[in-house]
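The values are calculated or read from the model by the stated rules, or taken from the named source; none is laboratory data. Keep in mind that this is a model prediction, so the values were computed, not measured. Ideal geometry is used to build each Cβ from the backbone, glycine not excepted, and the neighbour counts take in all protein chains shown. Please note that ligands, DNA and RNA were not included when accessible areas were found on the heavy atoms of the full protein model with its side chains. Shrake-Rupley method; radii C 1.70, N 1.55, O 1.52, S 1.80 Å.
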Amino acid sequence: MTLIIRPEHPADHAAIRAVTQRAFAPMAYAGGNEQHLIDRFREAGALALSLVAERDGVVRGQATFTKAFAADGSAGWYALGPIAVEPDLQKQQIGSQLIEAGIADLRARDAAGCVLVGDPAYYRRFGFKPFPDLCPDGEPAEYFRILPLRVKAPQAVVSFHPLFQGAA
Ligand SMILES: CC(C)(COP(=O)(O)OP(=O)(O)OC[C@H]1O[C@@H](n2cnc3c(N)ncnc32)[C@H](O)[C@@H]1OP(=O)(O)O)[C@@H](O)C(=O)NCCC(=O)NCCS
């Protein structure tokens, strides 16, 4: 069946929680509350974009984009994460389709760029690059990455939404 990538609907919230919990459960770096973090972003109005991957009418994956904040005050920064794909459906390009659709949406908004903390080997393929000097305090510079969009040469530290604090 065809995979559909679309913005979340209110009816998806429980399925998003479940798939996120299952995807992060085996991960050593997981904080254990990633599924609740998405709810908290939503409740705080901080969810800039939540895309789901749906197949056979069931949510199989989800990608979260929140607002991020550049120290120079420049607008249009976003952060990617959490992102999750049903464990038995991983490595079938579902994650890639979610990320590519999210990046296309950010481009359409004329976003400055997108930041994340994640596995460099995975995110490199989407254009996320190391900017260790722009990593916010408290985040691991070796895993901090920026996808430059409108801003080709980021100059300022880009911080995550405060709700990320203590999440991982
Ligand atoms: C990360 C995740 C969303 C990727 O989704 P996916 O649908 O499996 O990814 P894709 O099929 O698009 O990409 C698969 C490719 O990425 C690689 N890959 C997947 N996750 C990876 C990771 N964490 N680190 C490095 N490479 C990874 C696979 O080896 C594969 O490589 P290949 O294309 O060279 O064969 C999914 O693995 C997942 O839910 N993981 C658990 C939750 C998690 O860790 N989220 C990210 C936190 S930063």
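Arg125 fulfils the conditions (1) within 12 Å of the ligand (Cβ to nearest atom); (2) without any contact (Cβ under 8 Å) to a residue 24 or more places away in the chain; (3) open to solvent by 30 Å² or more (accessible area, probe 1.4 Å); (4) not polar (S, T, N, Q) except for a single criterion, (2). Quick test for you: out of Pro140, Pro132, pick the one residue that is open to solvent by 60 Å² or more (accessible area, probe 1.4 Å) and without any contact (Cβ under 8 Å) to a residue 24 or more places away in the chain. The conditions single out Pro132.
Hey, does segment 98-115 have a residue that's in a helix (DSSP H, G or I), more than 24 Å from Asp39 (Cα to Cα), away from the ligand (no atom under 13 Å from the Cβ) and touching a residue at least 40 places away in the same chain (Cβ under 8 Å)? Checked segment 98-115: at least one residue is in a helix (DSSP H, G or I), more than 24 Å from Asp39 (Cα to Cα), away from the ligand (no atom under 13 Å from the Cβ) and touching a residue at least 40 places away in the same chain (Cβ under 8 Å). Restricting Pro130, Pro154 to those that are within 16 Å of the ligand (Cβ to nearest atom), more than 28 Å from His9 (Cα to Cα) and not hydroxyl-bearing (Ser, Thr, Tyr) reduces the list to Pro130. Can you name the residue in segment 17-34 that is under 17 Å from Val59 (Cβ atoms) and away from the ligand (no atom under 12 Å from the Cβ) and, of all such residues, is least open to solvent (accessible area, probe 1.4 Å)? Out of the qualifying residues, it is Ala18.
Among the residues in segment 35-50, are any surrounded by 15 or more Cβ atoms within 10 Å (Cβ to Cβ) and within 8 Å of the ligand (Cβ to nearest atom)? If you could, list the steps in order and put the result at the bottom.
Keep residues of segment 35-50 that are surrounded by 15 or more Cβ atoms within 10 Å (Cβ to Cβ), which gives 35, 37-42, 46-50.
Right, trim to within 8 Å of the ligand (Cβ to nearest atom) and you get none.
Within segment 35-50, not a single residue is surrounded by 15 or more Cβ atoms within 10 Å (Cβ to Cβ) and within 8 Å of the ligand (Cβ to nearest atom).
Hey, any hits in segment 87-106 for a residue that's at pLDDT 95 or above, charged (D, E, K, R) and open to solvent by less than 30 Å² (accessible area, probe 1.4 Å)? Lay out the reasoning, then the answer.
Of segment 87-106, the ones at pLDDT 95 or above are 87-106.
When the remaining residues are screened for being charged (D, E, K, R), the result is 88, 91, 100, 105.
Checking the rest, the ones that are also open to solvent by less than 30 Å² (accessible area, probe 1.4 Å) come to none.
No, the conditions are met nowhere in segment 87-106.
If you take the residues of segment 51-83 that are of a type in the set (A, V, I, L, M, F, W, C) and more than 29 Å from Ala153 (Cα to Cα), which of them is surrounded by the fewest Cβ atoms within 10 Å (Cβ to Cβ)? Across segment 51-83, the extreme among qualifying residues is Val58.
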